[in-house]
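The values are calculated or read from the model by the stated rules, or taken from the named source; none is laboratory data. In this text, all values refer to a predicted model and were calculated from it rather than measured experimentally. Here the Cβ is made from the backbone with ideal geometry for all residues, glycine too, and neighbour counts use every protein chain on show.
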Amino acid sequence: MQAQISLEVQIAGLSLRNPIILASGILGHSTEVFERIYNAGVSAVIGKSVSLQPREAYKPPTVVQVNSGYLNAIGLGNPGADAFAQELKKVSARKIPVIASMFGSDPNDFERMTKLFDSAGAVAFELNLSCPHVKGVGTEVGHDPHLVAAIVKAVRKSTSKPVFAKVSPGMETMLQTVKAAEEAGASGITATNTIRAMAIDVESRVPYLSNRFGGLSGDALHPIAVRCVYEIAEQTKIPIIGCGGIDSWEDAVEFILAGASAVEIGTVLAYRPPTVIEEILSGIRGYMTRKGYKRVSDFVGLAHSR
């Protein structure tokens, strides 16, 4: 009897029912939304990035659609770690795997959040070292391999659960950051975050976003993110989660062939219903059937051997 195809993946000790994860940022922190998206088929959810203390978002407009995707500069607004921990407990009680996304500039802040979210039920942690439009955190942290190492070490000593460092294609030091994170004990890498970009209203002659600059996501980001995953896979032995512009099964498979063990989707849920998740999963199953693969791991990184 021919073995059945399995979409289950193991990544850094984390068991997931399929390779698709909800990316950070796109749907906030709501338990109800997380439950709806999880029931639509993702294997885990990542909330909007959280800081130790509450943070106000930028004033609107914070999101604008462009020809090739979306620009956003929300400003990492969030209710703070204590409030998120309470929401995390609710989501975890519903048996929904939550990966906590965190940002900051002080390793001590990361350490405190890790302990709090670990006890609240997070199954893993994603370190946002790559937001392109907020001063003092994000890419300003990710550009400094020494600070990245300190943050990863602070998180690593505070939990036994998987820790993923999220990097940006706009960082000249991306590969150095990956190396620093790996050597400091990161379980894996998420590649990538949005890339710094801008759009201007030609009639009013001012930028669309209140912050002027934002992060570009969607179709335009996809080939850049695939390149990043491919380059990182050439350098690191720890697993990679691919993220950037996925709205079809082909996009997801491309990331996996480049070296990703799992993928995150986000922007596609801003313009397509959650049924797109099952469409992507169905497409991956069909691809595996045609190619004779039984597990997702059978084709992780195959583009490197061709």
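The sole residue among G13, G47 that is surrounded by 17 or more Cβ atoms within 10 Å (Cβ to Cβ) and among the small types (G, A, S) is G47. Just one residue in the set P19, P60, P97 is more than 19 Å from F255 (Cβ to Cβ), crowded, with 19+ Cβ neighbours inside 10 Å and touching a residue at least 40 places away in the same chain (Cβ under 8 Å); that residue is P97.
Only a single criterion out of (1) at pLDDT 95 or above; (2) buried (at least 19 other Cβ atoms within 10 Å of the Cβ); (3) more than 14 Å from the chain's Cα centre (by Cα) is not satisfied by D82, namely (2).
This table checks each residue for (1) modelled with pLDDT of 95 or more; (2) of a type in the set (A, V, I, L, M); (3) in contact with a Leu (Cβ under 8 Å, 6 or more places away or on another chain).
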site: E203; (1), (2), (3): yes, no, no
site: P207; (1), (2), (3): yes, no, no
site: G218; (1), (2), (3): no, no, no
site: A225; (1), (2), (3): yes, yes, no
site: E231; (1), (2), (3): yes, no, yes
site: L257; (1), (2), (3): yes, yes, yes
site: A262; (1), (2), (3): yes, yes, yes
site: I265; (1), (2), (3): yes, yes, yes
site: V276; (1), (2), (3): yes, yes, yes
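Give the residues of the range 170-213 that are more than 26 Å from P61 (Cβ to Cβ), among the charged types (D, E, K, R) and within 19 Å of the chain's Cα centre (by Cα), sorted by residue number. Listed by number, the residues that qualify are K179, E182. Scanning the range 240-256 for residues that are of a type outside the set (D, E, K, R), over 20 Å from M171 (Cβ atoms) and buried (at least 20 other Cβ atoms within 10 Å of the Cβ) yields I246, A252, V253, I256. Taking the criterion of being touching a Phe, Trp or Tyr at 6+ places or on another chain (Cβ under 7 Å) and either surrounded by fewer than 24 Cβ atoms within 10 Å (Cβ to Cβ) or touching a residue at least 60 places away in the same chain (Cβ under 8 Å) (or both), the residues of the range 181-193 that qualify are S187, G188, T190.
Within the range 232-281, being more than 13 Å from the chain's Cα centre (by Cα), touching a residue at least 60 places away in the same chain (Cβ under 8 Å) and under 21 Å from A40 (Cβ atoms) holds for A252, I256, L269, A270, P274, T275, I277, E278, I280, L281. Can you tell me which residue in the range 267-279 is surrounded by the fewest Cβ atoms within 10 Å (Cβ to Cβ), limited to those that are in contact with an Asp or Glu (Cβ under 8 Å, 6 or more places away or on another chain) and part of a helix (DSSP H, G or I)? Among those that are in contact with an Asp or Glu (Cβ under 8 Å, 6 or more places away or on another chain) and part of a helix (DSSP H, G or I), it is V276. Screening E254 on (1) closer than 23 Å to F34 by Cβ; (2) assigned to a helix (DSSP H, G or I); (3) among the charged types (D, E, K, R) shows it passes everything except condition (1).
For the range 205-231, the tally of residues that are surrounded by 17 or more Cβ atoms within 10 Å (Cβ to Cβ) and in contact (Cβ under 8 Å) with a residue 60 or more places away in the chain stands at 13. In the range 145-167, the residues that are over 16 Å from D118 (Cβ atoms) form Cβ pairs under 6 Å with partners that are crowded, with 18+ Cβ neighbours inside 10 Å and of a type in the set (D, E), at six or more places apart or across chains, as follows: K166/E126. The residues in the range 59-110 that are under 18 Å from E32 (Cβ atoms) and in a helix (DSSP H, G or I) can be counted, and the count is 11. Which residue, of V155, V91, V202, V178, is surrounded by fewer than 23 Cβ atoms within 10 Å (Cβ to Cβ) and among the β-branched types (V, I, T)? Answer to the check: V202.
The set of residues in the range 283-301 that are surrounded by 18 or more Cβ atoms within 10 Å (Cβ to Cβ) and under 13 Å from W249 (Cβ atoms) comprises I284, M288, V296.
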